[in-house]
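I have placed the structure first, in the form of structure tokens, so that the comments after it can refer back to it.
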Amino acid sequence: MDNRAGSGTPREAGKKLWKAEAKSVFNLISIVITGFFVGLLAEILYPGPVDLGFVKTVLLGIGGSIVAGVFASWRSGSTFGEGVNRAGCLASVLGALLLIWLGRHW
């Protein structure tokens, strides 16, 4: 048995693993919910009909958030991999609107 500082029982290791997995699941759920609302706002604000289902609306919102995050990283001079750059809800909706426009015109 290893008695070094910081080593725990298998039960403690299992609890830490479960907490990490639960956090990942909750992050995924929050990404889907946020993506849905951003995509829904973009559909409402875009002039003209935008007929997308639930999955495409979520992907549109997530894509809009990514576009806004990349743009914000580019403007700030940091790389996209340097931590999380939260561009904000408005910028995400603008990114989703840009994706709708690009999809319609290209």
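The values are calculated or read from the model by the stated rules, or taken from the named source; none is laboratory data. Remember, it's a predicted structure, so these values are computed and weren't measured experimentally. All Cβ positions, glycine included, derive from the backbone under ideal geometry; neighbour counts span all protein chains shown.
Candidates are the residues of segment 20-38 that are surrounded by 15 or more Cβ atoms within 10 Å (Cβ to Cβ) and not aliphatic (A, V, I, L, M); the one that is nearest to GLY53 (Cα to Cα) is PHE36.
What residue, among those in segment 55-87 that are surrounded by fewer than 13 Cβ atoms within 10 Å (Cβ to Cβ) and either at pLDDT 75 or above or of a type in the set (Lys, Arg) (or both), is nearest to GLY35 (Cα to Cα)? Write out each step before concluding.
Going through segment 55-87, the residues surrounded by fewer than 13 Cβ atoms within 10 Å (Cβ to Cβ) turn out to be 55, 74-79, 81-84, 86.
When the remaining residues are screened for being either at pLDDT 75 or above or of a type in the set (Lys, Arg) (or both), the result is 55, 74-75, 86.
Numbers: VAL55: 10, TRP74: 22, ARG75: 23, ARG86: 13 Å.
By that ranking, first place goes to VAL55.
For SER30, indicate whether it is hydroxyl-bearing (Ser, Thr, Tyr) and at pLDDT below 85. Yes.
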